[in-house]
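*Asks:* Got a structure for you, questions after.
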Amino acid sequence: MMMKGVPAAAARLGLAGLIPFVGLAALAHLAPGSGARSWLAAYGAVILSFMGGCRWGFAATGMGEGPAVRPLVLAVAPALYAWLSLRAPAPFDMELLALGLLALYLADLKLTKDGGAPHWWPALRLPLTLGATLSLLAGAAA
């Protein structure tokens, strides 16, 4: 199973978080004038910001380097990137958000290896990152 070792509550809530991604991407294709595309981009930005917040939480609890300047700056960067991505014209906004999620996943692999995130973090992040990224790219193509 892809989420081996992930706490059940984290797995369930994480998977539930994919519902808006998948639903809005589908709606963007089925009803192009519905506004689903802009809702999808906004949700993607919120989730990318949230993922940065997770990194802040890991640092604040003393994982990895702890609450030092570098990990805290890196924790804020996803929110700033997401905010700026929303200013890009379509379809680049969602493509940039997808790229941000993928880049943050790769950074989180290193963070986990260095003791800055729980050992199960990549197992949770992989399917969620793939689902969110594919949804954003599908929405960008709508």
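FYI, it's all coordinate maths here, none of it is from the lab. This is a predicted model, so every value here is computed, not measured.
*Asks:* Per DSSP helix of 4 or more residues, -39500 (n - 2.57); summed, then divided by the residues of the chain. What does that give at 222 nm, rounded to the nearest 500?
*Replies:* Values: 6 runs with 106 residues, N = 142.
The helix-only estimate for the chain comes to -25000 deg cm²/dmol at 222 nm.
*Asks:* Compute log10 of I(q)/I(0) for the chain with the Debye formula, placing one identical point scatterer on every Cα and leaving out solvent, at q = 0.12, 0.16 Å⁻¹, to two decimals.
*Replies:* The computed values of log10 I(q)/I(0) come out as -0.48, -0.81.
*Asks:* Hey, can you grab everything whose amide H is under 5 Å from the amide H of Gly116? Only 5+ residues off in sequence or another chain; H modelled, so Pro and N-termini drop out.
*Replies:* Gly64
*Asks:* Further question: Within the chain, which DSSP H helices have Cα atoms that stretch 30 Å or more along the helix axis and a mean Kyte-Doolittle hydropathy of at least 0.0?
*Replies:* Working: long enough: 36-60 (35 Å, 0.87); 92-113 (31 Å, 1.07).
Within the chain the helices that satisfy the rule are 36-60, 92-113.
*Asks:* Can you give me the Kirkwood hydrodynamic radius for the range 52-125, using every pair of distinct Cα atoms, in Å to one decimal? It would help to have the intermediate numbers written out before the result.
*Replies:* Numbers: mean 1/r = 0.0785 Å⁻¹.
Taking every pair of different Cα atoms in the range 52-125, averaging 1/r and inverting gives 12.7 Å.
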